[in-house]
Ligand SMILES: Nc1ncnc2c1ncn2[C@@H]1O[C@H](COP(=O)(O)OP(=O)(O)OP(=O)(O)O)[C@@H](O)[C@H]1O
């Protein structure tokens, strides 16, 4: 069946399963929808099924059950002839860049254009325009091995974008890059989304990538989506233990047990950790409680970062004062706990 509706998602998976011969069920009943013009991240540990999911979307694998739809078209219902133009709507970039080593930078970007039948002069103009967009104007005659990792990924992005796809699939696109280069490539991908309107579906094991780039995220484990939602909400109120562990890798403001021990050794007062979440009353409530009970404090750890333009983090304070007054502040803070998240912790 082919469904086409005006508001079709750019990519949609409905109850998709992929079982390999020999029994491995790499994707196990996944349903998700990537709205056109958005950036959607799939995060998970190695073996969770992310690569298989991406291969199902680009048609390299066929689902054993369920359906994959691109722009409302169910891939399994289309023959090769009708599939071809739909595949052209998809570009892909890879962790190891997958460039042709024997071709120049320009040659790499020309390749999909010539394959699509564009004449030489038009293809060259389009390739140069795309290289300019990714910041590699003037590098066309160089070979991949003469470039840095970040530049190679830019070539990969230019090659994927040359044919003006509507959707870009990213397979661990920054995992082989250092942090600064990762930041530059993520900034470029953000421009691809915002300026060109390209929908991005990426897989990653790095929550930092999700935080920087994605609008929505799905967390995969053992082939299933265990949690999904809008990125800020997932960071602020993770519901599944795996999600919470991923969020901690990108949100280092909350002290772990070992750090708390060190902090306690240095700060004899009572330590409390308060989550800072958009709309949470904890910090306002804290200053009122401290005033009312005459308790003094020092910031000893933590910080607040922006996630999708909203504040998120935690602060750890040392409270000092009369034991009963400190107790009253701690009790008052417990009443201000953020719904769905760890209580204001005290020890
Ligand atoms: N062609 C295949 N044949 C058999 N099993 C496979 C095949 N491809 C993947 N698998 C299995 O499916 C599961 C999911 O693999 P997949 O590569 O999709 O996970 P992943 O989350 O992308 O992990 P990684 O980041 O390590 O690539 C794994 O158990 C893997 O061994």
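Every read-out reported here was derived from the displayed coordinates using simple, explicitly stated rules and does not represent laboratory data. Everything numeric here is computed off the predicted structure, so don't read it as measured data. Heads up, the Cβs are rebuilt from the backbone with ideal geometry, glycines too, and the neighbour counts pull from every protein chain shown.
Odds and ends about this structure:
- Extended-chain gain in nm, criterion 0.36 nm per residue less alpha-carbon gap, residue 331 and residue 230: 33.1 nm
- Residues 324, 38, 31 arranged by fewest to most Cβ contacts within 10 Å: 324, 31, 38
- Globularity ratio of the chain, using Cα Rg and 2.2 N^0.38 Å: 1.20
- Residues 84, 154, 191 arranged by fewest to most Cβ contacts within 10 Å: 84, 191, 154
- Globularity index of region 92-238, i.e. its alpha-carbon radius of gyration over 2.2 N^0.38 Å: 1.10
- Net lengthening on full extension, residue 291/residue 184 (0.36 nm per residue, minus Cα-Cα): 34.0 nm
- Stokes-Einstein diffusion coefficient of region 257-346, Kirkwood radius over Cα pairs, 10 °C, 1.306 mPa s, in µm²/s: 119 µm²/s
- Debye intensity ratio in log₁₀ form over the Cα atoms of region 16-161, taken at each q of 0.21 Å⁻¹: -1.24
- Theoretical FRET efficiency, 1/(1+(r/R0)^6), r = Cβ-Cβ of residue 284 and residue 35, R0 25 Å, to 0.05: 0.10
- Beta bridge orientation in the chain: antiparallel %, DSSP, nearest 5: 65 percent
- Pairwise FRET efficiency - residue 103 versus residue 305, Cβ, R0 = 41 Å, nearest 0.05: 0.50
- Between the beta carbons of residue 259 and residue 141, assuming R0 = 41 Å, the FRET efficiency works out to 0.20 to the nearest 0.05.
- C-alpha long axis of helix 179-196 to longest principal axis of the chain, angle in °: 60 degrees
- The fraction of Cα-Cα pairs per 10 angstrom bin, counted from 0 for region 139-220, comes to 16, 52, 28, 3, 0 percent, rounded to whole percents.
- Gain on full extension, evaluated as 0.36 nm per residue between residue 25 and residue 84 minus their Cα-Cα distance, stands at 18.5 nm.
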